[in-house]
């Protein structure tokens, strides 16, 4: 059997399913597809990363980025100056760690304005 035969059968079944409305109630119908940027992942590791991600595991560099986002969110609500200073220090360490894990610097451009505002507001009192 040729590949053309299988393609023909698959195409026929897809068209039947469309006519019968089997694709009408799929989640995300009518919404644009979101493609993930995996350009920084070596090609031979992309499938493994995809499988791990679907199983709930993420690469260390993405885990670090997630921790950075959590630290930024926490900073937003902190009132205690010393704790804010600790969080900013933690944030700096996480960004350094993320930059070391990646072949390119982490892109925090979206959060740069907020980050600068937080740093400007921090006042550590001398004893």
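The values are calculated or read from the model by the stated rules, or taken from the named source; none is laboratory data. Fair warning: this is a prediction, and the values are worked out from it, not measured in the lab. Glycine gets a Cβ as well: all are built from the backbone with ideal geometry, and neighbour counts include every protein chain shown.
On the given criteria, is residue 79 at pLDDT below 70, exposed (fewer than 14 other Cβ atoms within 10 Å of the Cβ) and more than 15 Å from the chain's Cα centre (by Cα)? It would help to see each step written out before you state the result.
Values: at pLDDT below 70: no; exposed (fewer than 14 other Cβ atoms within 10 Å of the Cβ): yes; more than 15 Å from the chain's Cα centre (by Cα): yes.
No; evaluated as a whole, the condition is false for this residue.
Does residue 74 satisfy being at pLDDT 80 or above, surrounded by 11 or more Cβ atoms within 10 Å (Cβ to Cβ) and out of contact with any strand residue (DSSP E or B) (no Cβ under 8 Å at 6 or more places or on another chain)? Break it down stepwise before answering.
Numbers: at pLDDT 80 or above: yes; surrounded by 11 or more Cβ atoms within 10 Å (Cβ to Cβ): yes; out of contact with any strand residue (DSSP E or B) (no Cβ under 8 Å at 6 or more places or on another chain): yes.
Answer is yes for this residue.
Across the stretch 11-36, what is the total count of residues that are surrounded by 10 or more Cβ atoms within 10 Å (Cβ to Cβ) and not in a helix (DSSP H, G or I)?
3
Can you find a residue that is part of a loop (DSSP other than H, G, I, E, B), at pLDDT below 85, more than 28 Å from residue 100 (Cβ to Cβ) and out of contact with any helix residue (DSSP H, G or I) (no Cβ under 9 Å at 6 or more places or on another chain) anywhere in the stretch 2-9?
Taking every residue of the stretch 2-9 in turn, at least one turns out to be part of a loop (DSSP other than H, G, I, E, B), at pLDDT below 85, more than 28 Å from residue 100 (Cβ to Cβ) and out of contact with any helix residue (DSSP H, G or I) (no Cβ under 9 Å at 6 or more places or on another chain).
Need pairs with beta-carbon distance below 7 Å; first residue at negative phi and free of Cβ contacts under 8 Å to residues at least 12 places away in the same chain and within the stretch 1-23, second surrounded by 10 or more Cβ atoms within 10 Å (Cβ to Cβ) and part of a helix (DSSP H, G or I); sequence gap 6+ or separate chains.
Within 7 Å, the pairs are 23/17.
Looking at the stretch 37-71, which of the residues that are assigned to a helix (DSSP H, G or I) and in contact with a helix residue (DSSP H, G or I) (Cβ under 7 Å, 6 or more places away or on another chain) is surrounded by the fewest Cβ atoms within 10 Å (Cβ to Cβ)? Give the steps one after another, and end with the answer.
The initial filter retains those residues of the stretch 37-71 that are assigned to a helix (DSSP H, G or I), namely 43-54, 60-71.
Keeping just the survivors that are in contact with a helix residue (DSSP H, G or I) (Cβ under 7 Å, 6 or more places away or on another chain) gives 60-61, 64-65, 67-68, 71.
Values: 60: 11, 61: 18, 64: 22, 65: 20, 67: 16, 68: 21, 71: 18.
This residue is 60.
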